[in-house]
C-alpha cells in the first residue's frame with residue numbers, strides 16, 4: 001500500500017503542475033475575452049477566499065493578490081485531483097468533461113456557501129456561458145496534460161459490474 005500511496009502522491013503533484021498550466025491558459029483566454037467583450041475582472045474569488053479566512057470583505061472590495069491566490073490555488077488543488085484520476089484510469093474526454101463540472105461546482109459551492117456569490121441560475125446567460133467556457137478550457141488543458149504525463153498505473157478492473 002505504501003507504493004500505491006507514493007504513486008497517488010506523485011500523481012497529485014504532477015496534477016498540481018498541470019492545474020497551474022491549465023490556470024495559465026485559462027487566464028490568457030480570459031484576458032483575450034475581456035479585451036473583446038470589455039467584461040471587467042471579477043473579484044468574487046478574492047472575496048470568497050477572504051470570507052473563508054474569517055474576514056468580511058465589502059462587495060466592492062477588489063484585492064488582486066487575494067483574487068490570484070484563489071484563482072491559482074483552486075486550479076492547483078483541482079489539478080491534483082485530476083492527476084489522481086489519471087493514475088487510477090479516470091482519463092480522456094469524459095474525465096475532462098466531468099472535471100469541468102467539478103471545477104464549476106467547487107467555485108459555486110464556495111462562493112454560495114460563504115454568501116459572496118449568487119447561484120448561477122440568477123446570472124445573465126452571457127456570463128454563465130463565459131464562465132463555463134473558461135472553466136472548460138482549464139479542465140481540458142489540465143486533463144490533457146495529466147493524461148500525457150501520468151500513466152494509468154493504478155487502473156483497476158475490479159468493480160466493473162454493479163454487484
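One line per residue, one yes/no per condition, for (1) in a helix (DSSP H, G or I); (2) over 21 Å from residue 68 (Cβ atoms); (3) under 17 Å from the mean Cα position of the chain (by Cα):
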| position | (1), (2), (3) |
| --- | --- |
| 4 | yes, yes, no |
| 8 | yes, yes, no |
| 14 | yes, yes, yes |
| 19 | yes, no, yes |
| 22 | yes, no, yes |
| 29 | yes, no, yes |
| 33 | yes, no, no |
| 41 | no, no, no |
| 48 | yes, no, yes |
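Let's see how each residue does on (1) closer than 18 Å to residue 43 by Cβ; (2) touching a helix residue (DSSP H, G or I) at 6+ places or on another chain (Cβ under 6 Å); (3) touching a residue at least 40 places away in the same chain (Cβ under 8 Å):
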{"site": "77", "(1), (2), (3)": "no, no, yes"}
{"site": "95", "(1), (2), (3)": "no, yes, yes"}
{"site": "112", "(1), (2), (3)": "yes, no, no"}
{"site": "116", "(1), (2), (3)": "yes, yes, yes"}
{"site": "131", "(1), (2), (3)": "yes, no, no"}
{"site": "134", "(1), (2), (3)": "yes, yes, yes"}
{"site": "145", "(1), (2), (3)": "no, yes, yes"}
{"site": "155", "(1), (2), (3)": "no, no, yes"}
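Checked against the criteria, residue 79 does not count as closer than 19 Å to residue 51 by Cα and surrounded by 15 or more Cβ atoms within 10 Å (Cβ to Cβ). Note on segment 107-131: residues that are surrounded by 15 or more Cβ atoms within 10 Å (Cβ to Cβ) and within 16 Å of the chain's Cα centre (by Cα) amount to 6.
None of the figures in this text is laboratory data; all of them are computed from the coordinates on show. What you see is a predicted model; the values in this text were computed from it and never measured. Neighbour counts run over all protein chains shown; Cβ positions are idealised from the backbone, glycine included.
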